[in-house]
1. For a quick check, take a GNM of the chain with Cα springs below 10 Å and name the residue from Tyr42, Tyr33, Tyr257 with the largest mean-square fluctuation.
2. Over the residues of the range 145-264, compute the C-alpha Rg and express it relative to 2.2 N^0.38 Å.
3. For the pair Thr153 and Asp176, what calculated FRET efficiency results from E = 1/(1 + (r/R0)^6), where r is the Cβ-Cβ distance and R0 = 30 Å, to the nearest 0.05?
4. When the chain is treated as a GNM, springs tying every alpha-carbon pair under 10 Å, which of Val71, Val81, Val228 comes out with the largest mean-square fluctuation?
5. Among Gly135, Gly143, Gly235, which one moves the most in a GNM of the chain with springs linking Cα atoms closer than 10 Å?
6. Please work out the Cα convex hull volume for the range 1-79 and give it in Å³ per residue.
7. For a quick check of your reading of the filter: which GluC sites (Glu not before Pro) in the range 44-76 sit in a DSSP loop and have no more than 15 other Cβ atoms within 10 Å?
8. Normalised by the number of residues in the chain, what is the relative contact order in percent for Cα pairs under 8 Å and 6+ residues apart?
Amino acid sequence: MTHPAILVFDSGLGGLTVYREVARARPDARFVYAADDAVFPYGRLAPDVLVARVMAVLEERIAAYAPELVVIACHTASTLVLPHLRARFTMPFVGTVPAIKPAAAASRSRRVSVLATPGTVARDYTHELVRAYAGDCDVALVGSTRLASYAETIMAGGAVADTAIAAEIAPCFREDAERRTDTVVLACTHYPLLLDRLERLAPWPVSWIDPAPAIARRVLQLIGDDPVDGAAPGGGTAIFTDGAAITPALEATLAGYGLPLVVRAPLRADEALSQRAAPASV
Ligand code: DGL
């Protein structure tokens, strides 16, 4: 398939860590990066609310861009919503789920941590992965309430103190006389955006497992390699359901990612709601 349209979806900017690997694998593709920043962070949403929200956003974005493939670059959504999306739409969906299998295969100490949002650590899907692939490991599921927001702040050009990041990752590091954690799964796509800080602030060195390269390989399995070898499209689009937090620094970063066109497009469903809630004009 030449110049396929690929839609990459996340609650915010975390999905860029997946997008950049997919874009490297298929530089000829026409990319739409869709962020639902109006409702970010997803990690705090009740499951039924999250399912309804993701379905509503993708209903509109898929109708607008008609992608040949959709990447759900969000663990919090993928661990819940994929069956609903596959039942509703006909194009292939590639999800992002906690990389517990490769982490368990790589760990020598057999002590592994899964750093995720509170939503992802609560999912049956996540617990099932632990049972299936890491039964002989001591696995800590660590739900961070703040780390994804810290990544958003930094991407927008803001600052986050080392102490704040260190406090979020501290529960991942467990040791006793015999062994200590040697592998941490980055089970939220925002976290690889902080990788240099995580490495620097870790109490001891560990392997950080980022699922993005595996996601890109899966995309290639489904749509194949670039058949015309490197023919580049005009540049992708980043579309936000809110966009209030878009700064010049962030726009420059998005352009650097190959997403020079930034669009603020509230969902029609949200606009209809706010019109109903607005006081009648006199
Ligand atoms: N980037 C998302 C994930 O992979 C979620 C962050 C959030 O919205 O809470 O889980």
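Rule-based calculations on the coordinates, nothing more; no lab input. Just so it is clear, the model here is predicted, and its values are computed rather than measured. A quick note on method: Cβ atoms are made from the backbone with ideal geometry, for glycine too, and the neighbour counts reach across all protein chains shown.
1. Comparing Tyr42, Tyr33, Tyr257 in a Gaussian network model of the chain, the most mobile one is Tyr257.
2. Values: Rg = 18.0 Å, N = 120, 2.2 N^0.38 = 13.6 Å.
Ratio of Cα Rg to 2.2 N^0.38 Å: 1.32.
3. Details: r = 35 Å, r/R0 = 1.16.
It comes out at approximately 0.30.
4. Val228
5. With Cα springs under 10 Å in the chain, the top fluctuation among Gly135, Gly143, Gly235 is at Gly135.
6. Details: hull volume 6.5 nm³, N = 79.
Output value, Cα hull per residue: 83 Å³.
7. Working: sites: Glu59, Glu60, Glu68; in loops: Glu68.
In loop regions of the range 44-76 (DSSP not H, G, I, E or B), there are no sparsely surrounded GluC sites (Glu not before Pro).
8. On the way: 527 pairs, mean separation 72.6, N = 282.
With pairs under 8 Å counted, the relative contact order is 26 percent.
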